[in-house]
Amino acid sequence: MNTRSTPRSLAIVSSNRGPPTIRRGQCPPYGAGINYYLKSAVSGPVTIAIQDGKGQTIRTLNGAASAGLHRIYWDLRDNASKRVTYRTSPLYAPDIRVGPDGIRESEGGFGTGGGGLAVLQAPGTYTVKLTVGGRDYSQPLRVLKDPHSGGTEADIEAQHRMLLDVRRDLDVAVDAVNGAEMVRGQIAHLMTILDNAELKRAAQELDQKIATVEGTLVELRATGRGQDGVRFGSKLVQKFGYLANGLQSNDFKPTNQQLAVHKDLADRLRASQGQLGEVMNRELGALNDMLRRANMPSIVTAPARRTSSQ
């Protein structure tokens, strides 16, 4: 296996103008090229782990297991964060249904509605660990600052620290949405089998209360059709994503405005968490008591996460 130093932000763009010629090549993908050779094919998985300076694995790639020389590219980003998974139909769009696996059917990739943030890594020395047949082979890899960038390595490091904080809060928001969807998905199923009017009314009221708080985190009316971005405003999950994308668009340290926006979003997230926790503890507990008295299974919940600043 061999690696080479690679610039962090320098991308080569090829022109598609003019007729094709035999002299025109194809630019490699952005990132670090990692080459490895297998004398013979292996039956087990081949993995390439990227480790940071602390020895923590930040990205895992799957490689080819056939004999010969192989090349794989790391795009200099870590593993993507969690994604929102909807288990209910959009508000006012019951025709978009949940599939057999309990997940909302995808419309043009709209099965997930937020999250999935992968952070661009800062310049530094990383370790590439190739695992084949239970054996590990390691090589260092240096990520260099783009020489054309106006930012300093200290600027990039400050940006990277803030991105990790933003992603931590984004994960908390996504967990809150997924927890709400888990409960609301079970309530939706209950509504199809309940014949007790009092239980139905209590379940419907709980669903509405959870949806009200969840609606501060994601847009529950969005369908993935038409112009959702024009019809509806962005909610907290999307706003965390926008903030992260703005931070990653250059090599400079976070601005005072970006720091202020993050604080505001984190405060709003804590408020939504508190409201959702109150509904889950009090209202869901009361509904579960009613379900137990009716000899029906209780609704289960996912464990909550705290924001990084708590």
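Bear in mind that the values in this text are calculations on the coordinates, not laboratory data. In this text the structure is predicted, and so the values were computed from the model without any measurement. Positions of Cβ are generated from backbone atoms using ideal geometry, with glycine treated the same way; all protein chains shown enter the neighbour counts.
At a glance:
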quantity: Fluctuation leader among 249, 149, 234 - the chain, Gaussian network, Cα springs under 10 angstrom; calculated: 249
quantity: Candidates 172, 46, 230, ranked by Gaussian network fluctuation over the chain, Cα under 10 Å, top entry; calculated: 230
quantity: Alpha-carbon centroid distance for the pair segment 226-265 / segment 58-85, whole angstrom; calculated: 27 Å
quantity: Anisotropy class of segment 116-182 from Cα gyration tensor, a/c 1.5 cut; calculated: oblate
quantity: Label assignment, P(r) over Cα pairs in 10 Å bins from 0, in percent derived from the structure, set (1) 6, 24, 31, 21, 12, 5, 1, 0, 0; (2) 5, 21, 24, 23, 17, 8, 2, 0; (3) 5, 17, 20, 18, 17, 14, 7, 1, 0; calculated: (2)
quantity: Cα shape, segment 200-239, gyration tensor, a/c 1.5 rule; calculated: oblate
quantity: Structure-based [θ]222 nm, the chain - -39500 (n - 2.57) summed over DSSP H runs of at least 4, per residue, nearest 500; calculated: -11500 deg cm²/dmol
quantity: Among 55, 81, 94 the positive-end extreme of the charge dipole of segment 52-107 (Cβ point charges); calculated: 55
quantity: Computed magnitude of the charge dipole of segment 228-310 (debye, nearest 20; Cβ of K, R +1, Cβ of D, E -1); calculated: 100 debye
quantity: Approximate spin-label separation residue 192-residue 39, in nm, with each point projected 7 Å along Cα-to-Cβ; calculated: 5.7 nm
quantity: Max mean-square fluctuation residue, GNM over the chain, Cα-Cα springs under 10 Å, options 84, 42, 237; calculated: 42
quantity: Net charge, residue 264 excluded, C-beta distance under 13 Å - Lys, Arg +1, Asp, Glu -1; calculated: +2
quantity: Those aspartates and glutamates that a straight Cα-Cα span of less than 12 Å connects to residue 263, excepting residues fewer than 8 apart in one chain; calculated: 165, 169
quantity: Stokes-Einstein D for segment 26-91, Kirkwood Rh over Cα pairs, 25 °C, 0.890 mPa s (µm²/s); calculated: 168 µm²/s
quantity: For residue 81, residues with placed amide H under 5 Å, excluding near neighbours; calculated: 116, 117, 118
quantity: For residue 46, residues with placed amide H under 5 Å, excluding near neighbours; calculated: 63
quantity: Share, in percent, of DSSP beta bridges within the chain that are antiparallel, nearest 5; calculated: 95 percent
quantity: Extension gain, residue 301 back to residue 97 (0.36 nm per residue minus Cα-Cα distance, nm); calculated: 71.3 nm
quantity: Assigned charges on the beta-carbon of Lys, Arg, Asp, Glu; the chain dipole about Cα centre (debye); calculated: 860 debye
